[in-house]
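I have placed the structure first, in the form of structure tokens, so that the comments after it can refer back to it.
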Protein chains: 2
Amino acid sequence: MPVGTQASVKGLTPEEVHATGAQVILANAYHLYLRPGVDTIRELGGLHRFMGWDGPILTDSGGFQVFSLGHLRKLTEEGVMFRSHLDGSKHIYTPEKAMAVQAALGSDIVMPLDVCPPPSVSESKALDDFRLTQRWLQRCVAAYDGAGALFGIAQGAMFSQLRRSAARALGDLPLDGSAIGGLSVGEPKVQTWAMLEESVAELPIDRPRYMMGVGSPEDLVEGVARGVDMFDCALATRLGRHGVLFTSRGRINLRSATLKLADTPVEAGCDCYSCRHFSLAYLHHLVRAKELLAGRLGSIHNLRFLARLMAAMRGAILAGDFGAWSRGFLDGYTAVAESRRLDQRKRYEAAMAATRR
Amino acid sequence: MPVGTQASVKGLTPEEVHATGAQVILANAYHLYLRPGVDTIRELGGLHRFMGWDGPILTDSGGFQVFSLGHLRKLTEEGVMFRSHLDGSKHIYTPEKAMAVQAALGSDIVMPLDVCPPPSVSESKALDDFRLTQRWLQRCVAAYDGAGALFGIAQGAMFSQLRRSAARALGDLPLDGSAIGGLSVGEPKVQTWAMLEESVAELPIDRPRYMMGVGSPEDLVEGVARGVDMFDCALATRLGRHGVLFTSRGRINLRSATLKLADTPVEAGCDCYSCRHFSLAYLHHLVRAKELLAGRLGSIHNLRFLARLMAAMRGAILAGDFGAWSRGFLDGYTAVAESRRLDQRKRYEAAMAATRR
């Protein structure tokens, strides 16, 4: 799901997002609550009409954003008090309010307000957070009266038992899908995948699973391998805006001087708008010249790359050879990066040897 | 002609530019000569293929840009020596080089290297500049061997006789069109139009007339009224990127708080992509939230506005009622701005009166 935090996938029209093959857009209830305001969007006919997107919209409740505010927010049983990052105004966000905001926006997939602890949290604090999140989730279920699908969020920080309890608890409530939160927030990757496995093991089997805030092509493959169905991440568009593009051979940086005369598309066989119309050399020029079009073309390519990747994984699963497919993909995707790392290491060792001589 | 200085109309794809109704794009030979370099573009199949634009391209020679460099350039009979604004490297640009560069780019409409004096120049200096420009133009005519149309440029600063001589001189050379340069560069508007009239009075009647670096909707109307056929200006896209949009009632600023709930397009009846898909309220939100899409939608609307304006003028000329049409347009376009000025004056006078009491 491409990220359109403020009711716009950065730099792209709804048609362009649709053409990448993306089916759902993620918007952020917290940001839209503060600006332009929920009443404004409701008065203008809801979020779909406001932003011109007629596909499904998933809205994050804003819990993660509020908790990122640090000293600007205060947590109570009732909810969370915070000051706007825009104008310092004081707000209280409760589970009921998170539901009302998302119902007013007209979201198709609604996320509950939850507590998202940092990976460094203590086990006892994480347990408290989990229990509060559970009580909030029950209030969300009771309060939500919109037409969308309500998901639960399984947290649990870096504690296996807590991850399992949180995932299991979702099955006791009448929810439409399961999100796994609090991963890929700075912890080592090996821990990400271990915690994901604990969560997925206990999630209801008959509901879609959504891993929040992930991610990169390799992380999508690792996530799907562990049973995840849905992802959202701003990475594809953020990297795209800065000239870093996904290819089946790993990321490339459009600034690289080696691309000055590259009269080929970013990726042979890619059917995205950028690859069908422009050469790497032109994209290289646009990035170097700081032309706005560079960010658009990069974002379009990266989103299309992820959509094609998801489709390829779906195909491999249906064909029953996801294991071989994913090893093949990851080998190709990381090979260049790996050889670059080895190169750097060789150069470093040569430099050290020269210093010692 | 929308401006695509560095081989890109800022933020827009070639398809989008085409959809605005624009027929010719202006690119800048000086900028492209420095980056990515003429050899690069030639090797990649020429400027049209490089940037994916299959319509005509007019290239400015770069004279105006070189003269804007101030102390970084030195003028001789041979040409102009300058240092790159990018990396300080030393270059010499001659009339012959300007022709070779534009031929290599594959320009359809080619501009000669000229001397563009500032409006404050003395008459004797302006006369020297005119004579040098004439000698350079003859060298351009002799040197150009591309397939494009070569235009002349009539300068003459703010001196009526010089404007007339420069315009008349173009008729003596085998050129395909006439440009009027050095106007709208900071002088009062009344002088712009007086000088334009002097130039046009002496230009060959059977060649298209191109007023360089203009401009705003009202200036296009004033220019056409005086016999101009072509214009280029970055204003439409620059204003569009900053949330200032053209309407038949004058410019509007999308930041204005009055637009927060405006559930109508920028201009009723406008068929541009932005007006067909989005409300003023959404554009207002995008500008306030600093979303990239705002600049695109604004640029598209402004370019379409100018293309529709030119088409309307063509229609009025053919219908034989351009006089009445242009008075009607200018009355509507400036009425709001005028009443706003009067408002401000009233408020100012009231404030002064209050101070005196």
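The values are calculated or read from the model by the stated rules, or taken from the named source; none is laboratory data. Nothing here was measured: the structure is a model prediction, and the numbers come from that model. All Cβ positions, even for glycine, are placed from backbone atoms using ideal geometry, and neighbour counts span all protein chains on display. Surface areas here come from the heavy atoms of the whole protein model, side chains and all, with no ligands, DNA or RNA. Shrake-Rupley method; radii C 1.70, N 1.55, O 1.52, S 1.80 Å.
Tabulated data
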{"read-out": "Boolean, B:VAL66 is more than 9 Å from chain A (Cβ to nearest Cβ), modelled with pLDDT under 95 and touching a strand residue (DSSP E or B) at 6+ places or on another chain (Cβ under 7 Å)", "value": "yes"}
{"read-out": "Tally of residues being open to solvent by 10 Å² or more (accessible area, probe 1.4 Å), under 19 Å from B:MET313 (Cβ atoms) and among the β-branched types (Val, Ile, Thr) across the range B:218-246", "value": "1"}
{"read-out": "Test: residue in the range B:51-60 that is surrounded by fewer than 22 Cβ atoms within 10 Å (Cβ to Cβ) and either among the basic types (Lys, Arg) or more than 14 Å from every other protein chain (Cβ to nearest Cβ) (or both)", "value": "yes"}
{"read-out": "Residues that are under 17 Å from B:VAL115 (Cβ atoms) and in a loop (DSSP other than H, G, I, E, B), drawn from the range B:171-185", "value": "B:LEU173, B:GLY181, B:GLY182, B:LEU183, B:VAL185"}
{"read-out": "Unique residue being modelled with pLDDT of 95 or more, under 20 Å from A:PHE64 (Cα atoms), part of a helix (DSSP H, G or I) and among the charged types (D, E, K, R) when the list is A:ARG168, A:ARG164, A:ARG131", "value": "A:ARG131"}
{"read-out": "Single condition B:LYS74 does not satisfy, out of (1) out of contact with any Phe, Trp or Tyr (no Cβ under 7 Å at 6 or more places or on another chain); (2) in a helix (DSSP H, G or I); (3) away from chain A (no Cβ under 14 Å)", "value": "(2)"}
{"read-out": "Residue count for the range A:23-47, restricted to those that are open to solvent by 10 Å² or more (accessible area, probe 1.4 Å), of a type outside the set (Ser, Thr, Tyr) and part of a helix (DSSP H, G or I)", "value": "6"}
{"read-out": "Every residue from the range A:185-212 that is open to solvent by less than 40 Å² (accessible area, probe 1.4 Å) and within 25 Å of A:GLY240 (Cβ to Cβ)", "value": "A:THR192, A:TYR210, A:MET211, A:MET212"}
{"read-out": "Residue in the range A:210-233 that is within 14 Å of chain B (Cβ to nearest Cβ) and of a type outside the set (Lys, Arg) present", "value": "no"}
{"read-out": "Extreme residue, farthest from the other protein chains (Cβ to nearest Cβ), among residues of the range B:234-257 that are of a type in the set (Gly, Ala, Ser) and part of a loop (DSSP other than H, G, I, E, B)", "value": "B:SER248"}
{"read-out": "Sole residue being at positive phi and touching a residue at least 40 places away in the same chain (Cβ under 8 Å), chosen from B:GLY62, B:GLY37, B:GLY70", "value": "B:GLY62"}
{"read-out": "Tabulated pairs, the range A:188-202, first of a type in the set (A, V, I, L, M, F, W, C), second open to solvent by 40 Å² or more (accessible area, probe 1.4 Å) and assigned to a helix (DSSP H, G or I), C-beta under 7 angstrom, 6+ apart or interchain", "value": "A:TRP193/A:GLU222; A:ALA201/A:ARG164"}
{"read-out": "Some residue of the range B:92-102 being crowded, with 24+ Cβ neighbours inside 10 Å, in contact (Cβ under 8 Å) with a residue 60 or more places away in the chain and touching a Cys at 6+ places or on another chain (Cβ under 6 Å)", "value": "no"}
{"read-out": "Close pairs (7 angstrom Cβ cut-off, 6 or more residues apart or separate chains): facing chain A (nearest Cβ under 9 Å) in the range B:7-20, modelled with pLDDT under 95 and open to solvent by 10 Å² or more (accessible area, probe 1.4 Å) anywhere", "value": "none"}
{"read-out": "Residue list for the range B:136-184, filter: open to solvent by 40 Å² or more (accessible area, probe 1.4 Å) and under 20 Å from the mean Cα position of the chain (by Cα)", "value": "B:ASP176, B:SER184"}
{"read-out": "Test: residue in the range B:322-342 that is under 20 Å from B:LEU239 (Cβ atoms), buried (at least 23 other Cβ atoms within 10 Å of the Cβ) and not charged (D, E, K, R)", "value": "no"}
{"read-out": "A:PHE50, sole failed condition from (1) assigned to a helix (DSSP H, G or I); (2) touching a Phe, Trp or Tyr at 6+ places or on another chain (Cβ under 7 Å); (3) closer than 20 Å to A:GLY295 by Cβ", "value": "(3)"}
{"read-out": "Residues being within 11 Å of another protein chain (Cβ to nearest Cβ), without any contact (Cβ under 8 Å) to a residue 40 or more places away in the chain and part of a helix (DSSP H, G or I) - total across the range A:258-296", "value": "12"}
{"read-out": "Enumeration of residues in the range B:88-119 that are in a loop (DSSP other than H, G, I, E, B) and touching a Leu at 6+ places or on another chain (Cβ under 6 Å)", "value": "B:GLY106, B:PRO112, B:VAL115"}
{"read-out": "Any hit, the range A:135-151, residues being part of a helix (DSSP H, G or I), of a type in the set (Val, Ile, Thr) and over 18 Å from A:ASP206 (Cβ atoms)", "value": "no"}
{"read-out": "Among (1) at positive phi; (2) under 18 Å from the mean Cα position of the chain (by Cα); (3) small (Gly, Ala, Ser), the one test that B:GLY223 misses", "value": "(1)"}
{"read-out": "Yes/no for B:VAL121 being under 22 Å from B:LEU26 (Cβ atoms) and either touching a residue at least 12 places away in the same chain (Cβ under 8 Å) or surrounded by fewer than 24 Cβ atoms within 10 Å (Cβ to Cβ) (or both)", "value": "no"}
{"read-out": "Of residues in the range A:298-313 being in contact with a Gly (Cβ under 8 Å, 6 or more places away or on another chain) and open to solvent by less than 40 Å² (accessible area, probe 1.4 Å), the one farthest from the other protein chains (Cβ to nearest Cβ)", "value": "A:ALA307"}
{"read-out": "Unique match (being at pLDDT 95 or above and more than 30 Å from A:ARG308 (Cβ to Cβ)) among A:ILE57, A:ILE41, A:ILE25", "value": "A:ILE41"}
{"read-out": "Meets criteria (within 25 Å of A:SER68 (Cα to Cα) and either at pLDDT 95 or above or open to solvent by 40 Å² or more (accessible area, probe 1.4 Å) (or both)) for A:GLY215", "value": "no"}
{"read-out": "Conditions (1) over 23 Å from the mean Cα position of the chain (by Cα); (2) part of a helix (DSSP H, G or I); number of the one not met by B:PHE82", "value": "(2)"}
